[in-house]
Amino acid sequence: MIFNWVMAGFSIVFNFILILLVSRVNVVAMGSYPILIYVSALMDVLIALSNAIVAPNIHMGLYSFVVFGQGTYDWPMLPGRISIYLFDLLFYQTFVILCYQFVYRLAVLRSSHPSSLLSRLNILHWVTIGVVFEIIFNGLMIFFVSHFEPIAARIFVVGHADWEPDGQLVTEMRQYYGIDMQKPFCHFHVVYAVANDRGRTLKWNIPILIYTLTILGLISALGVLMIVCATSVVGLIKSVSADCNIRASTHRQFFLALVIQTVVPLAFSFAPVACLVLLPLTGGRFGALGNYLMSVTSVYPAVDPLLLIFCVQSYRRKIYSFLESLPCKKFKIMAN
């Protein structure tokens with residue numbers, strides 16, 4: 001939890017610096033892009049704070065895993081459950097906002113053509129598109145996440161069910177975290193299959209498999225959309241280069257930052273979590289491995305603003321000039 005709070009502190013500081021740079025440094029051909037940067041910075045801070053407060057853990061059992069917050073599992077049931085759902089939704093927002101930025105970057109380049117439909121869209125249209133997309137995406141996510149744990153699975157709440165957690169998972173939850181699964185606590189328990197103590201699969205939980213694959217499918221669809229937009233953006237930047245080198249340079253810098261800002265969370269957030277979600281399907285017991293991978297997800301909100309700052313030349317120069325103005329010689333050497 002200390003590591004998560006440290007990363008949250010870095011995220012607040014670095015995103016504040018980014019907002020100052022965007023608001024004070026004039027960059028050619030920015031258009032309405034600063035608004036997206038502000039939204040992205042705010043989302044980084046919210047995700048970082050959510051990571052710090054909830055301190056999410058994933059413990060994997062036999063064909064199942066338990067998601068809970070080390071900082072919120074002993075909260076009252078309603079706020080505790082809400083904290084887990086909010087963390088889950090905020091986690092996916094990074095990918096949603098990145099996808100929106102790819103679409104907007106493509107739209108800005110295409111808007112230079114008067115005949116393009118995109119050239120007729122103003123900031124109000126883009127805000128409306130973003131809000132509608134967020135409502136649809138988050139609505140789907142809430143539906144699927146809230147259906148992860150079947151009603152019949154709440155054995156220790158209603159007193160009966162047609163399955164129960166494997167004995168080793170119950171023991172490990174008590175040993176690692178002091179959590180008694182026979183008592184209510186704030187979590188959700190994803191069960192892919194009902195298995196006996198010997199590990200033999202008795203019955204696959206088809207609804208849960210469908211929910212899980214649908215969520216992964218939604219994220220994959222966003223990834224495909226980003227790849228399509230990125231391919232088009234590369235071609236359009238080349239055509240812009242022939243008309244205006246300065247404008248093309250600005251587009252290249254922001255596009256490079258966007259690509260890096262996409263690759264980093266894929267490596268540090270989405271790939272580890274996808275592994276955690278899919279590993280239990282193998283029938284192996286991976287226990288607390290998920291906790292180490294989950295701690296990595298708190299890094300991205302802290303480094304995300306730095307990626308943009310150092311990819312955009314105007315922001316980078318502003319930082320260097322500030323360092324050179326400091327009386328300390330070490331900062332001057334860094335700036336040079």
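The values are calculated or read from the model by the stated rules, or taken from the named source; none is laboratory data. For clarity, every value in this text was computed on a predicted model and none was experimentally measured. Cβ: placed from backbone, ideal geometry, glycine included. Neighbour counts: every protein chain shown.
When you scan the stretch 307-318, do you find a residue that is crowded, with 21+ Cβ neighbours inside 10 Å, within 28 Å of residue 205 (Cβ to Cβ) and hydrophobic (A, V, I, L, M, F, W, C), even just one? Taking every residue of the stretch 307-318 in turn, none turns out to be crowded, with 21+ Cβ neighbours inside 10 Å, within 28 Å of residue 205 (Cβ to Cβ) and hydrophobic (A, V, I, L, M, F, W, C).
Within the stretch 253-283, being in contact (Cβ under 8 Å) with a residue 40 or more places away in the chain, of a type in the set (Gly, Ala, Ser) and surrounded by fewer than 17 Cβ atoms within 10 Å (Cβ to Cβ) holds for 274, 283.
Rundown of residues vs (1) modelled with pLDDT under 85; (2) not in a strand (DSSP E or B), yes/no style:
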{"residue": "4", "(1), (2)": "no, yes"}
{"residue": "23", "(1), (2)": "no, yes"}
{"residue": "37", "(1), (2)": "no, yes"}
{"residue": "52", "(1), (2)": "no, yes"}
{"residue": "66", "(1), (2)": "no, no"}
{"residue": "80", "(1), (2)": "yes, yes"}
{"residue": "83", "(1), (2)": "no, yes"}
{"residue": "87", "(1), (2)": "no, yes"}
{"residue": "105", "(1), (2)": "yes, yes"}
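Could you list, in sequence order, the residues of the stretch 270-293 that are under 18 Å from the mean Cα position of the chain (by Cα) and modelled with pLDDT of 80 or more?
270, 271, 272, 273, 274, 275, 276, 277, 278
Condition check for residue 10 on (1) among the hydrophobic types (A, V, I, L, M, F, W, C); (2) modelled with pLDDT of 85 or more; (3) buried (at least 22 other Cβ atoms within 10 Å of the Cβ): one failure, at (3).
Considering 260, 246, 215, 237, the condition of being modelled with pLDDT under 80, in contact with a helix residue (DSSP H, G or I) (Cβ under 7 Å, 6 or more places away or on another chain), part of a helix (DSSP H, G or I) and not charged (D, E, K, R) is satisfied by 237 alone.
All conditions in (1) within 30 Å of residue 168 (Cβ to Cβ); (2) among the aliphatic types (A, V, I, L, M); (3) surrounded by fewer than 16 Cβ atoms within 10 Å (Cβ to Cβ) hold for residue 60, with the sole exception of (3).
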